[in-house]
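The values are calculated or read from the model by the stated rules, or taken from the named source; none is laboratory data. Predicted, not measured: the structure shown is a model, and the values here were computed from it. Every residue, glycine as well, gets a Cβ built from its backbone with ideal geometry; the counts of neighbours run over all protein chains shown. Heads up: the accessible areas ignore ligands, DNA and RNA and are worked out on the full protein's heavy atoms, side chains in. Shrake-Rupley method; radii C 1.70, N 1.55, O 1.52, S 1.80 Å.
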Amino acid sequence: MSQDNSNKKKESDLEEELLYELDFAWNLYSNSQKLESKELAEKYIEFLTKARTERERTAYIKEKALQRGFREVEIGNSDAEGAHKLKPGDRIFYTNRKKNISLVIVGSHPLSHGLNIIGAHLDTPRVDLKIRPLYEDKESGFALFKTHYYGGVKKYQWASIPLILTGVVVKKNGTVIDVDIGTNDNDPVFIIPDLLPHLQQKVQQDRKTTDVIKGEEMNVLVGAIPHENKNIKQKFKVKILQILHEKYDIKEEDFLSAELSLVPAFKPRFVGIDKSMIGASGQDDGICSFLAMQSILDIKEIPEKTIIAALFDKEEIGSSGSTGAKSSWLRFLIEDLLLKKENHVKSSKLNISLTKTKIISADVGPVLHPTFKQVQDPRTAAILGKGLRIMKYTGRAGKVNSSDATAEFIAELRHIFDENEVPFQLGAFSAVDAGGGGTIAMYFAEQFNADVVDAGPAVLNIHSPYEISHIADIYASYLGYRTFFKHI
Ligand code: MN
Ligand code: MN
């Protein structure tokens, strides 16, 4: 070898040694892992198809947990004989108002060593019915629903697409009636009509994107046949009420105590000729809820630390309310674990346990968009298909309102992820001052004084009726969550 060649060789070694290059996760998987990732994607599609709202998802996860040997416990139902005493290896779950569920595996270490928690949210952007939704427009000949959208949606995206009506009506006597119209292929669906391009000139042409369809214009077609009875004045409305009464035994007044939502009727399915992606609504944050559930269900051994998959509601509207991550539910739950496992009620013990707790705030974040790259810094953006995305900080404009994970915690994650061959990437939310967002991380950090980091798969087309995820990222996140539960 000549002198020149050996120098060149050394220089290229130096590049390999010093530079950080990130490959696509697919290239890092073995053949059996590639197969597993496809199987996981199929399970995820089933979850998305069957469980679309926080209520449906809580029920779905509860059923899966029961099948896998978890038993339900309640906060504070401990009795004197210690019938509810918990021991290492116990698999339990708590629910809250049918909208939160936390799956727990009790660890061998005392709780004062801290817990490992993955938190995600079950709710998802959608279009809710107003409290008195049904009206008729005689002139145009329709019965319609008034709506109030839920979460940060681009409203125009929800017009002209088929929608499913789902939710509950609770009657005065407490009877809960499940409503679902549109899920079965034989069911009718609903639609928010847009304006035809031929006539948009005067009304829509100069509107801003946020106002192409305004909130009060998100009116849903419900029917168009007038009641046959000549004495009835509100013919279109009464026709619909009569059908609802026959099907569900409800009257107009019952809408006062109802939670009814419209979700896209598109079936979740693979996207792309190579079936690399999954398209579906509700992936924010169905994807992390599903993965937090699946990763804890699949843990067979007794973990050292007690581990929790904690799934919340209301993230899309600010994590507020008794079912959002700002509520005290998870704190109460951990206090209850202390009581049931170690007979402690002292707040000092609770404070120690919380302070030593490590939390992954599992949520989606944007990817580098193939068309609109200008909203990202391509050097720091998450790339679809490059594995679990860790976001050190969220926030906007000078990192405001961010829960900034410590370098020490990120280093710990780097270590266990590398040891366990989890493909991961660090990804920023956006280019500086280009926008931003936040999720449940900061509420945990503030309430618990725990170490918290955002980590979840990056998703394209977030908050649209058809969000896009990558099967390699889903699998990488599953591996990452399992590793976190077992090895931190
Ligand atoms: Mn989210
Ligand atoms: Mn969101």
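Check each of the trypsin sites (Lys or Arg not before Pro) in the range 333-373 and keep only those in coil by DSSP with at most 14 other C-beta atoms within 10 angstrom; list them in order. Walk me through the numbers before you get to the answer.
On the way: sites: Lys340, Lys341, Lys346, Lys349, Lys356, Lys358, Lys373; in loops: Lys346, Lys356.
Passing both the DSSP loop test and the Cβ count: Lys346.
Determine the order of Arg68, Arg269 by accessible area, beginning with the largest, at a probe radius of 1.4 Å.
Greatest to least solvent exposure: Arg269, Arg68.
Between helix 54-67 and the chain, what is the angle of the helix's C-alpha long axis to the longest principal axis, kept within 0 to 90° and rounded to the nearest 10?
For 54-67 against the chain, the angle is about 50 degrees.
What does the charge count around Ala120 come to, taking other residues whose C-beta lies under 9 Å from its C-beta (Lys +1, Arg +1, Asp -1, Glu -1)?
Values: positive: none; negative: Asp285, Glu315, Asp363.
It works out to a net charge of -3.
Which angle from 0 to 90°, rounded to the nearest 10, does the C-alpha axis of helix 407-419 make with the longest principal axis of the chain?
That helix lies at roughly 80 degrees to the long axis.
With r as the distance between the Cβ atoms of Ile75 and Asn229 and R0 = 56 Å, compute the FRET efficiency 1/(1 + (r/R0)^6) and round to 0.05.
Details: r = 53 Å, r/R0 = 0.94.
Working from the Cβ atoms, E equals 0.60.
Between the range 80-147 and the range 17-32, what is the C-alpha centre distance in whole Å?
About 36 Å separates the Cα centre of the range 80-147 from the one of the range 17-32.
So if we plug the beta-carbon distance of Ser32 and Leu256 into 1/(1 + (r/R0)^6) with R0 = 41 Å, what FRET efficiency do we get, rounded to 0.05?
On the way: r = 55 Å, r/R0 = 1.33.
Calculated value: 0.15.
On a 28 Å Cα-Cα criterion, which of the cross-link pairs Lys146/Lys233; Lys34/Lys99; Lys34/Lys486; Lys340/Lys399; Lys202/Lys235 come out too long? The partial results should precede the final answer.
Details: Lys146/Lys233 20 Å; Lys34/Lys99 34 Å; Lys34/Lys486 22 Å; Lys340/Lys399 40 Å; Lys202/Lys235 32 Å.
Correct reply: Lys34/Lys99; Lys340/Lys399; Lys202/Lys235.
What nm distance separates the two modelled labels at Glu446 and Ala397, each placed 7 Å from Cα along Cα→Cβ?
1.9
So which trypsin sites (Lys or Arg not before Pro) in the range 137-199 pass both tests, a DSSP loop state and at most 16 other Cβ atoms within 10 Å of the Cβ? Can you show the working numbers first?
Numbers: sites: Lys138, Lys146, Lys154, Lys155, Lys171, Lys172; in loops: Lys138, Lys154, Lys171, Lys172.
Sites meeting the loop and neighbour criteria: Lys138, Lys154, Lys171, Lys172.
Assuming 0.36 nm per residue, please report the length gained on full extension of the stretch Glu408 to Glu63 beyond their Cα-Cα distance.
On the way: separation 345, 0.36 × 345 = 124.20 nm, distance 3.77 nm.
Between Glu408 and Glu63, full extension yields 120.4 nm more.
Using 0.36 nm per residue, how much length does the chain from Leu18 to Asn184 gain when fully extended, once their Cα-Cα distance is taken away? All intermediate terms of the calculation are to be shown ahead of the outcome.
Values: separation 166, 0.36 × 166 = 59.76 nm, distance 5.61 nm.
Separation in residues times 0.36 nm, less the Cα-Cα distance, equals 54.1 nm.
Would you work out the charge dipole size for the range 126-264 about its Cα centre, treating the Cβ of every Lys and Arg as +1 and the Cβ of every Asp and Glu as -1, and quote it to the nearest 20 debye?
Numbers: 20 positive and 20 negative charges, 92 e Å.
Using Cβ point charges on Lys, Arg, Asp and Glu, the range 126-264 gives about 440 debye.
Given the C-alpha centroids of the range 169-200 and the range 213-248, what is the distance between them in whole angstrom?
12
With a cap of 16 neighbouring Cβ atoms within 10 Å, and only residues DSSP puts in a loop, list the GluC sites (Glu not before Pro) found in the range 31-112. Mind dumping the intermediate values first?
Working: sites: Glu36, Glu39, Glu42, Glu46, Glu54, Glu56, Glu63, Glu72, Glu74, Glu81; in loops: Glu74, Glu81.
Of the GluC sites (Glu not before Pro), the ones in loops of the range 31-112 whose Cβ has at most 16 other Cβ atoms within 10 Å are Glu74, Glu81.
Ile352 to Asp249: FRET efficiency via 1/(1 + (r/R0)^6), r the Cβ-Cβ distance, R0 41 Å, to the nearest 0.05? Don't skip to the answer; put the middle values down first.
Details: r = 53 Å, r/R0 = 1.29.
Calculated value: 0.20.
Mind checking the angle between helix 31-50 and the chain's longest principal axis? C-alpha axes, 0 to 90 degrees, to the nearest 10.
Once rounded, one gets 30 degrees.
Could you work out what % of the accessible surface of the chain is carbon and sulfur, using a 1.4 angstrom probe and leaving DNA, RNA and ligands out of the count?
Working: 12300 of 23790 Å².
That share works out to 52 percent.
Report the net charge of residues surrounding Ser320, where surrounding means a beta-carbon distance below 12 angstrom and charges are Lys +1, Arg +1, Asp -1, Glu -1. It would help to have the intermediate numbers written out before the result.
Numbers: positive: Lys314, Lys326; negative: Asp123, Asp313, Glu315, Glu316.
With Lys, Arg at +1 and Asp, Glu at -1, the net is -2.
Subtract the Cα-Cα distance of Lys172 and Ile302 from 0.36 nm times their separation in residues, and report this length gain in nm to one decimal. It would help to have the intermediate numbers written out before the result.
Numbers: separation 130, 0.36 × 130 = 46.80 nm, distance 4.56 nm.
Once the chain is fully extended between Lys172 and Ile302, it gains 42.2 nm.
Given a 1.4 Å probe, how much area per residue of the chain is accessible, in Å²? All intermediate terms of the calculation are to be shown ahead of the outcome.
Working: 23790 Å² over 488 residues.
That works out to 49 Å² per residue.
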